[in-house]
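Engineer: Handing you a structure now.
The values are calculated or read from the model by the stated rules, or taken from the named source; none is laboratory data. Since this is a predicted model, take the numbers as computed values, not measurements. Don't worry about glycine lacking a Cβ; one is built from the backbone with ideal geometry, like all the others, and counts go over all protein chains shown.
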């Protein structure tokens, strides 16, 4: 009797993808909650719009039972305060579902490399230190984190457009600098095979040319014979 592991790679599909928003008041602050979810991954972010203030973000793969998402977190910006690595989120009537139409670039993407004067430089996307972008129907969020150490390095997000090779980000929250909220960042983009080539200027105004690739999921299937 032998056990063979087949490594199956598959891309996330978007038919289950949704974006929800709702607000809550805490300590006289009106906190906006945004939840981006596809058929297996969920990110919740909390922030204040006026004056701009980032509160927290957390996300990971989930299992759903009824209206409750049980999320095994890959990152939690508030880990030092709440210690949470697993959360339960119950869908409430207050959750308002986005009615935006699907846009180009929908999905989860991992930073896969950069192009410099010296040429293309790739990074190992299987390593625990990751930078991921999650785009859904005009909403985007990037997160930098480490799946082994649970370190959180930063995040930013808002809404975007992608049309005729121009990708534009409108920043609504940014963990590293609230003053970046409201900025509009245009980029040139092109899909080459499974890669997204992303060229323009960073939030600091520096030239950049990034390569992103779709995040696939690794599932080991046991087959006995």
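Engineer: For segment 128-169, which positions are part of a loop (DSSP other than H, G, I, E, B), without any contact (Cβ under 8 Å) to a residue 40 or more places away in the chain and in contact with a strand residue (DSSP E or B) (Cβ under 9 Å, 6 or more places away or on another chain)?
Structural biologist: 128, 148, 149, 151, 165
Engineer: Pairs under 8 Å by beta carbon, first residue surrounded by 15 or more Cβ atoms within 10 Å (Cβ to Cβ) in segment 170-188, partner part of a helix (DSSP H, G or I), six or more apart or different chains?
Structural biologist: The qualifying pairs are 171/180; 174/180.
Engineer: Within segment 192-207, how many residues are within 19 Å of the chain's Cα centre (by Cα) and loosely packed, with under 15 Cβ neighbours inside 10 Å?
Structural biologist: 2
Engineer: If a residue has to be over 18 Å from residue 24 (Cα atoms) and not in a loop (DSSP other than H, G, I, E, B) to count, how many in segment 47-86 make the cut?
Structural biologist: 21
Engineer: Can you tell me which residue in segment 100-119 is surrounded by the fewest Cβ atoms within 10 Å (Cβ to Cβ), limited to those that are within 19 Å of the chain's Cα centre (by Cα) and part of a loop (DSSP other than H, G, I, E, B)?
Structural biologist: Among those that are within 19 Å of the chain's Cα centre (by Cα) and part of a loop (DSSP other than H, G, I, E, B), it is 101.
Engineer: Need the failing condition index for residue 81 against (1) under 28 Å from residue 49 (Cα atoms); (2) in the same structural domain as residue 180 (by TED's automatic domain parsing), just the number.
Structural biologist: The one condition residue 81 does not meet is (2).
Engineer: Give all pairs with beta carbons closer than 6 Å in which a residue from segment 34-49 that is in the same structural domain as residue 60 (by TED's automatic domain parsing) meets a residue that is surrounded by 20 or more Cβ atoms within 10 Å (Cβ to Cβ) and part of a loop (DSSP other than H, G, I, E, B); count only pairs at least 6 apart in sequence or on separate chains.
Structural biologist: Correct list of pairs: 38/17.
Engineer: Also, quick follow-up: Quick one: which of 79, 55, 30 is farther than 21 Å from residue 159 by Cα and in contact (Cβ under 8 Å) with a residue 12 or more places away in the chain? Don't jump to the end; show me each part of the working.
Structural biologist: Numbers: 55 fails: farther than 21 Å from residue 159 by Cα; 30 fails: farther than 21 Å from residue 159 by Cα.
Within the list 79, 55, 30, the selection yields 79.
Engineer: Among what's in segment 209-225 and is modelled with pLDDT under 95, part of a strand (DSSP E or B) and more than 19 Å from the chain's Cα centre (by Cα), pick the residue that is nearest to residue 110 (Cα to Cα).
Structural biologist: Once the filter is applied, the top-ranked residue is 219.
Engineer: For segment 14-37, how many residues are under 20 Å from the mean Cα position of the chain (by Cα) and modelled with pLDDT under 95?
Structural biologist: Adding up the residues that qualify gives 5.
Engineer: Next question, about the same structure. What residue, of 44, 72, is under 24 Å from residue 151 (Cβ atoms) and crowded, with 17+ Cβ neighbours inside 10 Å?
Structural biologist: 44
Engineer: Among the numbered criteria (1) surrounded by fewer than 17 Cβ atoms within 10 Å (Cβ to Cβ); (2) touching a residue at least 12 places away in the same chain (Cβ under 8 Å), which one does residue 64 miss?
Structural biologist: (2)
Engineer: If you scan segment 101-127, which residues turn out to be in contact with a strand residue (DSSP E or B) (Cβ under 7 Å, 6 or more places away or on another chain) and farther than 30 Å from residue 84 by Cα? Before the answer, list the steps.
Structural biologist: Looking only at segment 101-127, we keep the residues that are in contact with a strand residue (DSSP E or B) (Cβ under 7 Å, 6 or more places away or on another chain), and these are 103-115, 120-123, 125.
Matches in segment 101-127: 103, 104, 105, 113, 114, 115, 120, 121, 122.
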